[in-house]
Amino acid sequence: MLIVHVFVHVKPEYVEAFKAASVENAQHSVQEPGIARFDVIQQMDDPTRFVLVEVYRTAEAPAAHKETAHYQKWRDAVAEMMAEPRSSIKYANVFPSDEGWG
């Protein structure tokens, strides 16, 4: 498993549009065979900050995800919404084991 946390800071006027675009992307993403989980979470004390929690089944799955039409639509739609460039950190799961993920 490969877990990626993508940190996003959006301009205040785009919070709702970003949420809508990201939920649509997530709904399609969880249908990809290489994705075990895809969460869109919003910071409670600063609603302009989000984390996308992407759980991939293989090391190759992120590249496949970036080739999908829904990812490219999301990427293009949210580009101007960013208050700063998004960043990410990659993690390996310790628990549960790979068998614990749907």
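Miscellaneous remarks
- Of all residues in the stretch 29-52, those satisfying the criterion of being surrounded by fewer than 16 Cβ atoms within 10 Å (Cβ to Cβ) and farther than 19 Å from residue 12 by Cβ are 30, 31, 33, 39.
- In the stretch 25-42, the residues that are under 13 Å from residue 57 (Cα atoms) reach residues that are among the charged types (D, E, K, R) and crowded, with 21+ Cβ neighbours inside 10 Å with C-beta atoms within less than 6 angstrom, at least six apart or across chains, in these pairs: 38/54.
- Summed over the stretch 53-93, the residues that are closer than 19 Å to residue 12 by Cβ and not in a loop (DSSP other than H, G, I, E, B) give a count of 6.
- Taking first residues from the stretch 61-78 that are small (Gly, Ala, Ser) and partners that are surrounded by 13 or more Cβ atoms within 10 Å (Cβ to Cβ) and not in a helix (DSSP H, G or I), the Cβ contacts under 8 Å between residues at least 6 apart in sequence or on separate chains come to 61/2; 61/32; 61/34; 61/35; 64/32; 64/34.
- Residue within the stretch 38-61 that is among the polar types (S, T, N, Q) and more than 21 Å from residue 89 (Cα to Cα) present: no
- Residue 39 being closer than 18 Å to residue 1 by Cβ and of a type in the set (Asp, Glu): yes
Values quoted throughout were computed directly from the atomic coordinates according to the rules given, and no laboratory measurement underlies them. Bear in mind the structure is a predicted one, so any value in this text is a computation, not a measurement. Neighbour counts run over all protein chains shown; Cβ positions are idealised from the backbone, glycine included.
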